[in-house]
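Report on the following structure.
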Amino acid sequence: MKTMRFNWQPSKKLLIITGHFGSGKTNIAVNLAKRFAKSGGKITLIDFDTVNPYFRAADNRISLERAGIKTIIPEYANTNIDMPTLPPEIYSVFKDENPGALAIFDVGGDDLGATPLGMFSPQIIESGYEMLYVVSMYRPLTSSAEDAAMLLSDIESASRLRVTAIVNNSNIGEATEPDTLIRSSEYIKQICSITSLPLAFSATMLESGNFDGIGSLLQMTDETRYLWKEPGVTGE
Amino acid sequence: MAKVLMKGNEAIAESAIRHGCLHYFGYPITPQTEIAEYMAKRMPKVGGVCLQAESEVAAINMVLGAASAGARAMTSSSSPGISLKCEGISYIIGSDLPCLIVNIQRGSPGLGSIQPSQQDYYQATKALGHGDSQVPVLAPSSVQELADFTGLAFDIGDKYRTPVMLLADGALGQMMEPVELAPEGQAVLPEKPWAANGHEFKRKRNIINSLYIQPDELEKTVLERYKRYEQIEANEIRYENYMTEDADIILVSYGITSRICKTAVGMARQKGIKAGLFRPITLWPYPKKQLLALADQAKKFLVVELNMGQMVDDVKVSIESKKPVCFFGRTGGMMPSPGDVLKAIESEGGAR
C-alpha cells in the first residue's frame with residue numbers, strides 16, 4: 001500500500017479549526033499540532049471549546065507538552081464548572097512574532113461553539129488566519145452537502161470570520177472501512193461547489209485503504225481517551 | 001440503513017424520533033443537553049414538538065399531559081433534574097401512562113459534578129416515585145444500545161402502560177460510536193383506546209387520573225398494577241453473560257462500567273485468572289434467576305459500579321447469599337481504569 005502524501009501547510013500564524021460537533025476537530029487539531037511540532041514548528045494548541053463537558057483537547061495536555069507543544073487550556077476544563085472560561089493567555093498568540101510560530105485553535109462544535117471566536121475576531125483578522133471547516137458525511141445532521149454548507153455559514157456568522165478551506169474527515173469511528181472516505185468524494189465536491197471553497201485535505205485513522213485520488217491525506221492516530229479500552233486486550 | 005457516527009445523546013434523540021416519538025419536553029442540564037439540542041433541530045423538520053420547559057417539574061408534567069392524550073412522549077435529564085421529576089413520575093405511574101424518561105447520570109449527591117456516575121441506581125430501581133411502584137429500567141452500555149433501547153423502552157411502556165427509564169451516564173451520553181438506526185418513518189404505534197383524546201360523543205369518556213376519593217378503589221388500582229409488574233418480570237428480563245461458563249470470580253456490572261470490566265476480565269484471563277462478567281441489562285426487573293444459576297459454580301462475586309455499592313444487595317438476594325459478594329467502585333464522577341478493576345479482582349484472591 002502506498003503511503004499518501006500530506007502536503008498541506010498553514011500559511012498564516014493562526015489556524016482555526018471549526019465544524020459540527022463530533023466531526024473530529026479535536027483529533028485533527030492534536031494530530032496537526034504534533035505533526036507540525038515534529039517538523040520544527042513552534043506550536044501552541046488552544047483548547048477553545050466552551051461547550052463540550054468532556055472528551056476534549058485538555059485530555060491530551062501531557063502528551064502535547066511532551067511533544068514540545070504549548071497548551072492554553074481553560075482553567076476549569078474537566079472540572080465541574082459547566083462553562084469553561086477562556087484564559088487571558090489567548091491574547092499572547094496574537095503578539096507572537098516568532099518565525100515558525102503557529103497557534104491552533106480547537107474550537108467547540110457548531111455555531112454555538114464558534115460564538116466565542118467573535119470577541120477575538122478583530123485581533124484574529126489583524127494577525128492573519130486560516131479557518132478550516134471539518135465535515136463528515138457520516139454525521140447525521142451534516143450528511144447532506146446542503147446541511148453541511150448551511151452550518152458552515154452559521155459558523156461564519158457566529159465567529160465573525162470566514163472559513164478558508166474544507167477538511168474531509170468522513171469516518172464511522174471503529175466501523176470505518178477502506179472505502180469509507182472515498183465514498184464521500186461526491187459529497188465533498190458538492191460542499192466545495194456550494195461554498196466556493198477549496199478542499200484543504202482529507203483525514204483518516206486507517207493505516208491503509210482506498211485513497212486513490214483523495215489528494216492530500218492526513219493519517220492520524222486516535223487521540224480520544226476512552227478509559228475502558230486497553231491496547232492488546234480482548235473484550236473491548 | 002448504513003452506519004453513522006453519533007454521540008450517545010444524539011443517538012437517543014434520533015432513535016426516539018424514528019420510533020415515532022414526536023413529543024419531547026426537557027430542560028437543559030449537563031451531560032445530557034445534546035438530547036434537547038438535537039430535538040430542537042430535528043423536531044420542527046419532522047412535524048414534532050420540542051419544548052424547553054420552564055423547569056424539570058414542568059417538563060415531566062407536560063409528558064403526563066401528552067401521554068394522557070395518547071402521544072408517544074419523553075423527557076430527559078441528569079441526576080439532580082431527575083430528582084425534580086420524581087413527583088411527576090409517580091403521578092404518571094398512578095395514571096398508568098407510558099412514556100420514556102432518560103437519565104444521563106452525573107456525580108451526586110446535591111448538584112454534584114458533571115462527570116459520569118451510576119449513583120442513581122437505588123432511585124431508579126427502588127423508588128423513582130412515591131408510593132407502591134416500579135419502573136422498568138434499561139441500562140445500555142454502548143451508543144448502539146442507547147439507540148436500540150430507546151425504541152425498546154417505548155414498546156415496553158406501551159405494552160404495560162408504564163413509564164420506562166433509560167439509565168445511562170455522562171460517558172455514554174458524550175462518547176461517539178458507530179450506530180445503525182431504525183429506518184425513518186416506519187414506526188408502528190399501537191392503538192391507545194384509553195387515551196383522553198376526544199370522545200366526539202362516539203364512545204365513553206376516558207379519564208386519566210391518579211387521585212382516588214375511596215381508599216378501596218385506590219387499593220384495587222395498585223393490585224391491578226402489580227399484576228402487570230408480574231408480567232413484566234416474566235417477560236422483559238434482559239442480561240448478558242460474558243466468559244462466565246468456567247469463571248471462578250464473576251464480576252457483576254452494568255452500563256459503561258461493564259465495558260471497563262470486560263477489558264479487566266480480558267486482562268485477568270491473560271494472567272490465568274478465571275474471571276467472567278454478568279451484565280444485568282434490565283435493572284428492574286432484576287435478572288435474579290439468571291444470576292442464581294451461576295452461584296453454585298462461582299467462588300465469589302465482585303460488584304463493580306460507579307457508586308458506593310448500591311447493587312450489592314440485589315446480587316446477594318439473587319444468589320441467596322450462597323457465595324461471598326464483594327464490591328469495588330469509584331464515586332462522585334470518578335471512573336476506575338481496567339487496571340484498577342484487575343487489582344480488585346486480584347486482591348479478592350482472584351480465584352485462580
In nanometres, the difference between 0.36 nm per residue of separation and the alpha-carbon distance of B:N209 and B:Q231 is 5.6 nm
Per the charge dipole of chain A (beta-carbon charges, Lys/Arg positive, Asp/Glu negative, Cα centre), the residue among A:L132, A:L227, A:S157 reaching farthest to the positive end is A:L132
Dipole magnitude of chain B about its Cα centre (Cβ charges: Lys, Arg +1; Asp, Glu -1), debye to nearest 20: 340 debye
Spatially proximal aspartates and glutamates relative to B:K41 (Cα-Cα < 17 Å; intrachain offsets below 8 disregarded): A:D110, A:D111, A:E146, A:D147, A:D154, B:E10, B:E14, B:E184
Is the stretch B:18-84 rounded, prolate or oblate when judged by the Cα gyration tensor, a ≥ b ≥ c being the square roots of its eigenvalues, rounded requiring a/c under 1.5 and prolate requiring a/b larger than b/c? oblate
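Ignoring everything except DSSP H segments at least 4 long, calculate the 222 nm mean residue ellipticity for chain B; use -39,500 (n - 2.57) per segment, divide by total residues, nearest 500.
Calculated at 222 nm, the ellipticity per residue is -12000 deg cm²/dmol.
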The stretch B:265-288 versus the stretch A:60-116: alpha-carbon centroid distance in Å: 41 Å
Hull volume in cubic angstrom per residue (convex hull over the Cα atoms of chain A): 131 Å³
For the stretch B:7-44 and the stretch B:164-225, what is the separation of their Cα centres, given in Å? 18 Å
Environment charge of B:E219, counting only residues whose C-beta is closer than 12 Å and scoring Lys/Arg +1, Asp/Glu -1: -2
How large is the direction-averaged shadow of the alpha-carbon convex hull of the stretch B:241-347, in nm²? 5.9 nm²
If you average 1/r over all unlike Cα pairs in chain B and invert the result, what Kirkwood radius do you get in angstrom? 20.8 Å
What is the sum of charges, Lys and Arg at +1 and Asp and Glu at -1, for the other residues whose Cβ falls under 15 Å from the Cβ of A:L102? +4
For chain B the mean separation of alpha carbon contacts under 8 Å (6+ apart) over residue count, i.e. relative contact order in percent, is 18 percent
Rg/Rh for the protein assembly as shown: what does it come to with C-alpha atoms and Rh from Kirkwood? 1.00
Above-threshold pairs, the threshold being 18 Å between Cα atoms, out of A:K13/A:K34; B:K288/B:K316; A:K229/B:K288; A:K34/A:K229; A:K25/B:K3; B:K7/B:K85: A:K229/B:K288; A:K34/A:K229; A:K25/B:K3; B:K7/B:K85
Three-way shape call for the stretch A:71-157 based on the alpha-carbon gyration tensor, with the a/c threshold at 1.5: oblate
Taking a ≥ b ≥ c as the square roots of the eigenvalues of the Cα gyration tensor, with a/c under 1.5 meaning rounded and otherwise prolate when a/b exceeds b/c and oblate if not, the stretch B:1-135 is oblate
Listed by chain and number, the aspartates and glutamates with an alpha carbon less than 12 angstrom from that of B:K322, same-chain partners under 8 positions apart left out, are B:D296
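At 20 °C and a viscosity of 1.002 mPa s, what translational diffusion coefficient does Stokes-Einstein give for the stretch B:86-207, taking Rh as the Kirkwood radius over Cα pairs? Give it in µm²/s as a whole number.
Estimated diffusion coefficient is 132 µm²/s.
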Exposure-ranked with fewest Cβ neighbours within 10 Å first, B:H199, B:H23, B:H130 stand as B:H199, B:H130, B:H23
Please name whichever of B:V252, A:S144, B:L189 sits farthest to the positive end of the charge dipole of the protein assembly as shown, dipole taken about the Cα centre and charges placed at Cβ: Lys and Arg +1, Asp and Glu -1. B:V252
Cβ charges +1 (Lys, Arg) and -1 (Asp, Glu), total dipole of the protein assembly as shown, debye: 620 debye
By a straight-distance test (C-alpha under 12 Å), which aspartates and glutamates pair with B:K271 as possible cross-link partners, with residues fewer than eight away in the same chain excluded? B:E346
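We did not get these values from a lab; they are worked out from the coordinates using the rules stated. Keep in mind the model is a prediction, meaning the values are calculated, not measured. Please note: Cβ atoms are built from the backbone with ideal geometry, for glycine as well, and neighbour counts cover all protein chains shown.
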